[in-house]
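A.B. asks: Attaching a single structure in structure tokens format; questions to follow.
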Amino acid sequence: MCGIVGAVAQRNVVPILIEGLRRLEYRGYDSAGVAVLQHGELRRRRKQGKVAELEEAIAQDPIEGRVGIAHTRWATHGVPSEQNAHPHICKGSVALVHNGIIENHETLRDEQTSLGHDFTSETDTEVIVHAIYDQFQATGSLLQAVQRTTEQLDGAYALGVISTSQPETLVACRRGSPLVVGLGIGEYFIASDIAALLPVTQRFIFLDDGDIAELTPKGVRIFDEHGNEVEREIKESEVHLDAVERGEYRHYMLKEIFEQPRAIAETLEGRFNGLKLLENAFGTNAADIFDQIRAVQILACGTSYHAGLVARYWLESLTGIPCNVEVASEYRYRNPVLLPDTLVVTISQSGETADTLAALQEAKRLGAFHSLSICNVQESSLVRESDLVLLTRAGPEIGVASTKAFTTQLVALMMLTIALGRRHGMDRVTEKRIASQLFSLPARMEDVLELNDQIKAFSERFADKQHALFLGRGSHYPIAMEGALKLKEISYIHAEAYPAGELKHGPLALVDAEMPVIAVAPNNSLLEKLKSNLQEVKARGGELIVFADETLDVTPDENTHVLTVTPSENEMSPVIFTVPLQLLAYHVAVIKGTDVDQPRNLAKSVTVE
């Protein structure tokens, strides 16, 4: 979603702000802006479109300053436009950037209009800057003005605020939306994500929910939600600048697809003794919690939801534990029932997905005593809210379409399956067999990546296609769902996934020569059933694309195209078959000429409902 960058320094901060925005482009946005304090006045530049257009506008009409804020906006209230772009300014005195949604903005707007404030945008954000201006007039302190204003706000927000009346001060705060403080030498920064600040610092403070920070050239002061000055731990980031560079790859997505063998190896590293899972990888008290678990509730959104669906097959078949998987955005809007001794598992790449956080909080309200977060970001809100944590170690994922985050989530979920399986009848032989499969995954994925050129050539067949159907059975049905999601996300081809056995219940009516049907065909117990489903497609003139285990005998013909995938054991084959579907989506998107890393209308981290 929206991205925030801010800086207080003894040098011109405009280049730092622009570079920070560029590094936040992956979050998704439709406009960008910068405001700095220059010679005691607020100077602002805003543009609809990309950061490059904002940079060009500044080059043509330069601004500079030692204190400033910047923003990439993803439209919620108000259409994408320069007028609605951040920063917003009140009476030439206070400027503000905001990530989140203010739910009571209409009430505040009516009150402020009656007080004589003029509104120049359609955004909910503008009520915040007016409120801070009014409070500043009453208190004479920017810090106190922000503190008082936050008491009026309902909703989620991360804010960066500057004022002509305190020209060396930047005030920032967060509630429900992520914000970090970066520490330099005599200079200090804020951002939605550490990636924005890696060129200037490796030292960060991760603000707690409700925190307000005051940044000046003398240092940083932090106050909790009750107004008490507090100390927050300084973290040294292990993410290096080259980890968020594209390198030799044309797009971040392709780079991240090819990083999957390493990401999986790192997710496994240090979590096994030989082929025995170390349960303390989940937390020091994990064993005691796992001893009590009799059911699992998985909550996630998007790609992470598909990972949860695969895990349900694993958990129920290998452990006998009942597992429910639900889209997090739906969970708290019905009356869910939690079985006693349920482990609530939340899955998120960013750990800041608003719906998943809210679903976890709802589960706790319903009486859930035990929670586990599977996440890629150590200091995220979801991690802090959970009793147990298993970090996926995928590294920064810049492309909006998730790739390595998904496959490392699957690996983490199989580790959870092993941990719970020990308590529900999984024998040591089975555990060692699955652990061995996990450790073989990086090499197997390297084999699959060798199909890249073949899939690239094959993707030409999709150049004029507008629709596609994906089929899978068992634990590969969620992989078909993930393949369809990837294709629609980045190529804008309408794609749907179905369990292959459901063909006769509706989707078969869509099959013709213009709709390619992509099938995932591992060598498992459902293979013969799948073959029958594929014959139904062929009999109706449909064009079949089959990703088949190379141990299978699948005969290609005029309307059946077969791409063979490295042999894979039953349990881990969903991870293997994910990779060719990612590559297919990527190369089709390139042929279609779309913005692969920043597809239209989408954001990487969905931090608002």
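A.B. asks: What helices in the chain pass both tests, a Cα length along the helix axis of 18 Å or more and a mean Kyte hydropathy of -0.5 or higher, using whole DSSP H runs?
C.D. replies: 126-139, 302-319, 404-421, 428-449, 477-491, 573-592
A.B. asks: Which value, in Å², gives the accessible area per residue of the chain when a 1.4 Å probe is used on the protein heavy atoms?
C.D. replies: Here the per-residue accessible area is 38 Å².
A.B. asks: I'd like the carbon and sulfur percentage of the solvent accessible area for the chain, probe radius 1.4 Å, heavy atoms only, ligands and nucleic acids excluded.
C.D. replies: Here it works out to 46 percent.
A.B. asks: To continue, here is another question. Do you know the relative contact order of the range 288-336, to the nearest whole percent, from alpha carbon pairs under 8 angstrom that are 6+ apart?
C.D. replies: Reported as a whole number, the value is 44 percent.
A.B. asks: Could I ask something else about it? Specify the inter-centroid distance of the range 320-340 and the range 559-599, based on alpha-carbon positions, in whole Å.
C.D. replies: 30 Å
A.B. asks: A follow-up question, please. If you average the alpha carbon positions of the range 1-55 and of the range 83-121, how far apart do those two centres end up, in angstrom?
C.D. replies: 19 Å
A.B. asks: For Arg423 and Thr555, FRET efficiency with R0 = 41 Å and r from the beta-carbon atoms, rounded to 0.05?
C.D. replies: 0.35
A.B. asks: Now a separate question. In straight Cα distance, which aspartates and glutamates are under 13 Å from Lys235, not counting same-chain residues fewer than 8 positions off?
C.D. replies: Of all the aspartates and glutamates, those that pass the test against Lys235 - Cα under 13 Å, at least 8 places apart if same chain - are Glu379.
A.B. asks: Just need the Rg to Rh number for the range 351-483, please, alpha carbons only, Kirkwood Rh.
C.D. replies: Rounded to two decimals, Rg/Rh equals 1.02.
A.B. asks: Over the chain, what portion of Cα pair distances is larger than 44 Å, expressed as a whole percent?
C.D. replies: 23 percent
A.B. asks: Here's something else I'd like to know. Kirkwood Rh, Cα Rg: Rg to Rh for the range 1-131?
C.D. replies: Dividing the radius of gyration by the Kirkwood radius yields 0.96.
A.B. asks: OK, next. For the range 250-264, list residues with backbone N below 18 Å from a point placed 7 Å from the Cα of Asp453 toward its Cβ?
C.D. replies: Label zone hits: 250, 258.
A.B. asks: If you build the Cα gyration tensor of the range 122-166 and take the root of 5 times each eigenvalue, what three semi-axes come out, in whole angstrom, biggest first?
C.D. replies: Three semi-axes, in Å: 17, 11, 9.
A.B. asks: Report the gain in length on full extension from Phe369 to Leu510: 0.36 nm times residue separation, minus Cα-Cα distance, nm rounded to one decimal.
C.D. replies: So the extension gain works out to 46.1 nm.
A.B. asks: Per DSSP H run of n ≥ 4, the term is -39500 (n - 2.57); total these for the chain, divide by its residue number, and report the mean residue ellipticity at 222 nm rounded to 500 deg cm²/dmol.
C.D. replies: After summing the helix terms and dividing by the residues of the chain, the value is -10500 deg cm²/dmol.
A.B. asks: Using a 1.4 Å probe, how large is the accessible area of Thr353, given in Å² and rounded to the nearest 10?
C.D. replies: 20 Å²
A.B. asks: Something else now. Taking a 31 Å limit on the Cα-Cα distance, which of the listed pairs Lys50/Lys488; Lys404/Lys432; Lys432/Lys488; Lys47/Lys465 fall beyond it?
C.D. replies: From the list (Lys50/Lys488; Lys404/Lys432; Lys432/Lys488; Lys47/Lys465), the Cα-Cα distance tops 31 Å for Lys432/Lys488; Lys47/Lys465.
A.B. asks: Lys364: which aspartates and glutamates have alpha carbons under 13 Å from its alpha carbon, excluding same-chain residues fewer than 8 sequence positions away?
C.D. replies: Filter leaves Asp341, Glu385, Asp387.
A.B. asks: Using the Kirkwood formula on the Cα atoms of the range 136-237, what hydrodynamic radius do you get, in angstrom to one decimal?
C.D. replies: Computed over the range 136-237, the radius equals 13.8 Å.
A.B. asks: For the range 239-395, what log10 I(q)/I(0) values come out of the Debye formula at q = 0.09, 0.14, 0.15 1/Å, with one point per alpha carbon and no solvent?
C.D. replies: Debye output, listed in q order: -0.31, -0.74, -0.85.
The values are calculated or read from the model by the stated rules, or taken from the named source; none is laboratory data. Values in this document were obtained by computation on a predicted structure and should not be read as measured data. Cβ atoms come from the backbone with ideal geometry, glycine included; neighbour counts cover every protein chain shown. These area figures cover heavy atoms from the full protein model, side chains too; ligands, DNA and RNA do not enter into them. Shrake-Rupley method; radii C 1.70, N 1.55, O 1.52, S 1.80 Å.
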